[in-house]
Each structure stands twice: as structure tokens, then as C-alpha cells.
Amino acid sequence: MKQWLLIVWLSAFALVGCASEPSASEQGGENEDARKGNALIIDLMSYPVSLDPHGANNGESLYVMSTMYDTLVYLDESLEIQPLLAESLEMVGDTIWEAKLRQGVTFHDDSPFNAEAVKANLERVIDPDIGSPVAFLFDMITEVEVIDEYTVHIHTEYPFAPLPSHLAHPGGHMISKEAIEADYEAMANGEEPSSYINEHPVGTGFYRYEGAQNGEYVKVVKNENYWDREQAKSDALTFKVVPEDLTRVAELETGEADIIYPVNPNDVNRIEQHHGTKVLKSPSSNLTYLGFNTTKEPFNDPLVRQAIAKAIDQEGIINGILNGMALPAKGPLAPTVFGYDDQFSAAKKDVEEAKALLDEAGYPNGFETTIVSNDTRAFMDIAVFVQQELQAIGIDVQVETVETSTFLELAGNGDTEMFVSSWGTVTLDADYGLYPMFHSENAGFPGNRTFFANEELDDLLERARKETDEATRLELYKDAQQIIVDEVPLVFLYHSELLAGLGEQVEGFWQYPSSIFYMRDAVKR
């Protein structure tokens, strides 16, 4: 069990209410203010969907939230489960996990961290009234029992070996019990879930919330009362929204930004050749894919999906758009993920076979459709590439580009036909890489944006998450992946290489394979 725990976790999607601070555009001194003391500016592509750990599961939200909240356990740089707010976490029965909590920890609002706070958090994240997009991480929990002030028993419906890795996911961030109660009170008064916490994010983390300007920036400052001896190395972090790739690069070059993410692969050489900037490259647990809404014609026909998969040159995307900085995807899981199986082969382009499959499906002359992507440069380029590839088999594709939050809403509601998207297996365990993406219960916002439903696959995924024997789990995941490969609810494109731009003086910044930032030790020399 211990050895398994050490490998399963990672290494890293409601608009957020804004504070009353003036924006950078309104007050030219925002960057100057952010520079006071030892501070860092991080340029991100888009604004967080939420600052409530139970309110979002997209990258930008997790990057920011991970600085303000702590989890019960976490994964260190060696990908080993370590204690954090829980001094220990162990299975004391087939369906009971005992967490012994760290004493003397307070939230940013000075309220105590204790067993009641843990109970409030775990009950809230699975509350149907909250509608959390990360509820699937904890939906096996049936009861959170307070044993004493600093001990809790977490009861599960069935034995669930990956629970520590799920508790280490950002969805397991601990929120102040007082903030949770205030959010429920706001809901009782007609507000949406997360409305209070979005404006008052209160954790125990090494940074605390300072303020935000909706759509522009979020600022956090060092928590001087952090419970750990090792406090944050920087005085403040400002996460600034800069949607355009090349603008982020320019701000890194001029020193206006200290860290930028993401970096387009085609900009790597420019950053590395510029004096005073560098690129941090990290392995990934991400899958970038072309998804189909399998509930809509003609994408409800697996022959059509197979035809499209056969028409796309995977290597053309990797070499032509990503400058070779990605690994061809053979299936839904990256090699960094527990449960990955190398039995599958990467798809090979075969236009004639694609045409034959379309003909067999009853579309000898093709059809018209739309492909949606967010405004990430690589995703927009992929959408255009797919548009051109499908012309060869008679499919006329219109490309639609929207900003990230709009894309998540469209895909979550099923208002797409084809779309370009990605999924990071944050826990580095196949359960997270497969259950939310392909189980029919998770259709829509939780992760199954293809709305794929297959009873045999559902059964395999349910059995796998209940199985405690590692070898049996691997066999179940192998069978599950075979169904996904055969049915093609999406086209596997690539596993990305994580690319962050850093100023030459920045040190202590690193990324997990699922792209989550580790910011406590990040500092400018």
C-alpha cells in the first residue's frame, strides 16, 4: 500500500467577484505596487473561474488557489505523499480512513483548523446543492465522523485505495468553516454557491488573499502567521491576466513579468535566446484531444468518429504546431499516470480508410459541422489544422473560437459538436484520468464533455475504483482503455510538455506533471 501511495499522485474549471481595488489600466502603478518588497508577477492566460476550491477544476483557478489553501496531505517534488494539515492519514478499516490533524493551525480569518472544519469541507464538496465540479473526487465518502477535536474518521461506501491522492488534489483544499457557513447563508438569501467564498477566500495557506480586479489580476500576500516554520519566500504574488502568448513573452523579456504560463512551443527558442529569460520544461500528465459530442448526429455513430480519427495526422500536429514538444498519445492516459498501458499504438493517418468508414456510416459525401476551441494559440491552430485535414474526406468544418470560461460552459452544457480540449490527470492515478472523463454519471461539467455512455465501461470503472489489489486494478483499467480506444469518443492527440517562462533570477518555482504550480519557495534572487 505504501509503495502504491508514493506513485499514484501527481507531480500539476461562477466568475470571481472583484475587490474594490483599481485595475492596472485605471491605475498605472499596479505593477509598481506589486514590486514592493520581494514580490513576483505571474502572467496567466485567463482569469480564474473561481477562488473556491469546490467551485472550479480548471488550471488558472487551481494555480491561484494552491497558494492560499492547504490540503490534508500533499505530493512533494519526488511525488511522494506527505503529511500537511493531517499529521497522519491511514486506513483503520476496509472503509475507514483516520486522519490525525495538526494542532495549532488557524485560518486566515483566525478561526481554528480542526476536525469540525474538515467535516464541513468534505460534506460541502459532495453537497448536491453546491454542484461542485470536483464532487466526483469524494462521492464515495458516506460519512465524516468527528472523533475528537483533532481526529476524524472518513467513511467510504467501499474500499477506495486512491483516497489519499484525492485528498491531496486541490479539490481537497480546506476552507474556513466560518466562510463555508457564510456561503450557505448567502445561498439561503438567493445567491449562487461560492458567491461568498469567491470574494472572501479563506484558507490556511502560506499566502492569503489581498484583492482582485475581475478579469485582470488576483493578488495574494505572505501569510505571516503560517503554521509551518518554512514560510513563503516572496512577500506577494500577483497573478495577472495576459491572454496573448506573445504579449506574455514580451512582458517576461522586459521584466514586467517574472513568470509566464503557458508558453507556446513555438516561442521557446525566442525566450531561451533572450538574455535574462529561460524556459522550465516539465513532464505532463495531460491529454490534449479532439472531442465529439456523442449524443449528436452524426457523432453518435462510432464509424464517423473512427473515420475522423483516421483522417488526422497526429505527427503533423506535434511537429507542425508544437515544434515537436509533445508525446504522441496512444490512449487516454499519459505514461506518468498509474494505469497507463503501452499496448496501444498511436493512430496513423489513412484517408482512404477514413472515406470507407464514412461511406459505411452513410455519409459518402461527408457533412457540415463546427469545431470549437478556446483562444489558446495552440488549440486555435489545432482546430484549423483539423478543419483542413477533414476537407480530404468531405467534411466541411467551421471553426469557432471563444475565451476559456465560455468554452467550459459550452462544453459542459453539451452545446458543441466537435471541440479541442485537454484533461490533466492531477492525481496521477487512472481513476482520475478515466472516471470523470468517461463514466456516464460525469457527463458535462465534471469532465465527460463528450457525453459518452457505455454500460460496460461504467462497470469496469466502478469495479476498478473499489478494487484494492493493484494487479487487478491494472487489468480493469486495461480493459476500460480498450473500450475507449475502440469506441473513439475522442481522438487522442498528444501529451504536452509543460512550458513555463521564467526570469533568469527566479528560483524555487516548479511544476507537477499535472501543471499545478508550487509557489512557496518561488523567489527572485
- Message: Suppose the chain between V399 and E87 were pulled fully straight at 0.36 nm per residue; how much longer would it get relative to their current alpha carbon spacing?
- Response: 107.2 nm
- Whose amide H sits under 5 Å from the amide H of E87, counting only residues 5 or more places off or on another chain, with H placed in the peptide plane? K100, L101, R102
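What number comes out for accessible area per residue over the chain if the probe is 1.4 Å? Units Å², please.
Values: 19740 Å² over 525 residues.
Heavy-atom accessible area per residue stands at 38 Å².
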- Surrounding charge for E87, neighbours by C-beta under 9 angstrom, Lys/Arg +1, Asp/Glu -1, total +2
- Query: When ranked by the protection proxy of mean other Cβ atoms within 10 Å per residue, highest first, what sequence do the peptides 178-189, 154-165 form?
  - Reply: 154-165, 178-189
- Among [x] 0.95; [y] 1.48; [z] 1.04, the entry matching Cα Rg over 2.2 N^0.38 Å as calculated here is [x]
- Between E462 and N266, the FRET efficiency computed from the C-beta separation at R0 = 45 Å comes out, to the nearest 0.05, as 0.60
- Message: At 7 Å along Cα-to-Cβ for each site, give me the label-to-label distance between E191 and S78 in nm.
- Response: 4.4 nm
- Query: Once Rh is set to the Kirkwood radius over Cα pairs, what Stokes-Einstein translational diffusion coefficient, in µm²/s, holds for the range 49-192 at a temperature of 25 °C and a viscosity of 0.890 mPa s?
  - Reply: 159 µm²/s
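For the chain, which whole percent of the accessible surface, found with a 1.4 angstrom probe, sits on carbon and sulfur atoms? Write down the numbers at each step before the final one.
Working: 8600 of 19740 Å².
The C+S portion of the solvent-accessible surface of the chain is 44 percent.
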- Task: Only residues of the range 320-340 count here: report those whose backbone N is under 11 Å from the spot 7 Å along Cα→Cβ of Q388, or say none.
- Result: 320-321
- Item | Segment D109-E244, extension gain: residue separation times 0.36 nm, minus the distance between their alpha carbons | 45.0 nm
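Ranked from highest to lowest mean number of other Cβ atoms within 10 Å per residue, what is the order of the peptides 64-76, 48-60?
Numbers: 64-76: 24.5, 48-60: 26.5.
Top of the packing list down: 48-60, 64-76.
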- Message: Ignoring everything except DSSP H segments at least 4 long, calculate the 222 nm mean residue ellipticity for the chain; use -39,500 (n - 2.57) per segment, divide by total residues, nearest 500.
- Response: -9000 deg cm²/dmol
- Charge dipole magnitude, Cβ of K and R +1, D and E -1 - the chain, Cα centre, debye nearest 20: 1340 debye
- In whole Hz, what ³J(HN,Hα) sequence does the range 329-343 give by Karplus (6.51, -1.76, 1.60; θ = phi - 60°), x for Gly and Pro? 8, 9, x, x, 10, 7, x, 6, 9, 5, x, 4, 10, 8, 6
- Note on the structure: Taking a label point 7 Å from the Cα of H155 along Cα-to-Cβ, the residues of the range 109-133 whose backbone nitrogen sits under 16 Å from it are 119-120, 122-123
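At a 1.4 Å probe radius, which order do E456, E470 fall into by accessible area, largest first? Walk me through the numbers on the way to the answer.
Numbers: E456 120, E470 75 Å².
The most accessible residue leads, giving E456, E470.
Can you give the charge dipole size of the range 152-226 about its Cα centre, rounded to the nearest 20 debye, using +1 on the beta carbon of Lys and Arg and -1 on the beta carbon of Asp and Glu? Could you put the intermediate results ahead of the total?
On the way: 4 positive and 11 negative charges, 81 e Å.
The calculated dipole for the range 152-226 is roughly 400 debye.
Could you please report the charge total around V220, scoring K, R as +1 and D, E as -1 over all other residues with beta-carbon less than 11 angstrom from its beta-carbon? Please list the in-between numbers first.
Numbers: positive: R208, K219, K222; negative: E210, D235.
For residues surrounding V220, the net value is +1.
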- Item | Length-normalised contact order of the range 460-525 in % [C-alpha pairs under 8 Å, at least 6 apart] | 20 percent
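Output the peptides 387-397, 114-124 sorted from most to least packed, where packing is the average of other Cβ atoms within 10 Å over each peptide's residues. Walk me through the intermediate numbers first.
On the way: 387-397: 17.8, 114-124: 20.0.
By packing density, highest mean first, the sequence is 114-124, 387-397.
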- May I ask for the net charge around T294, where only other residues with Cβ less than 11 Å from the Cβ of T294 are counted and Lys, Arg are +1 while Asp, Glu are -1? -1
- If you take the charge dipole of the chain about its Cα centre, with +1 on Lys and Arg Cβ and -1 on Asp and Glu Cβ, which of A307, V202, I42 is farthest toward its positive end? I42
- Query: How high is the relative contact order of the range 321-441, in percent, with contacts defined as C-alpha pairs under 8 Å that are six or more residues apart?
  - Reply: 29 percent
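Starting from the Cα coordinates of the range 58-115, work out the convex hull volume and express it per residue in Å³. Before the final figure, lay out the partial values.
On the way: hull volume 7.4 nm³, N = 58.
It comes to 127 Å³ per residue, whole-number rounded.
The values are calculated or read from the model by the stated rules, or taken from the named source; none is laboratory data. Treat the numbers as computed from the prediction; the structure is a model and nothing was measured. Don't worry about glycine lacking a Cβ; one is built from the backbone with ideal geometry, like all the others, and counts go over all protein chains shown. The protein model used for the area step is the full one, side chains on, heavy atoms only, and it has no ligands, DNA or RNA in it. Shrake-Rupley method; radii C 1.70, N 1.55, O 1.52, S 1.80 Å.
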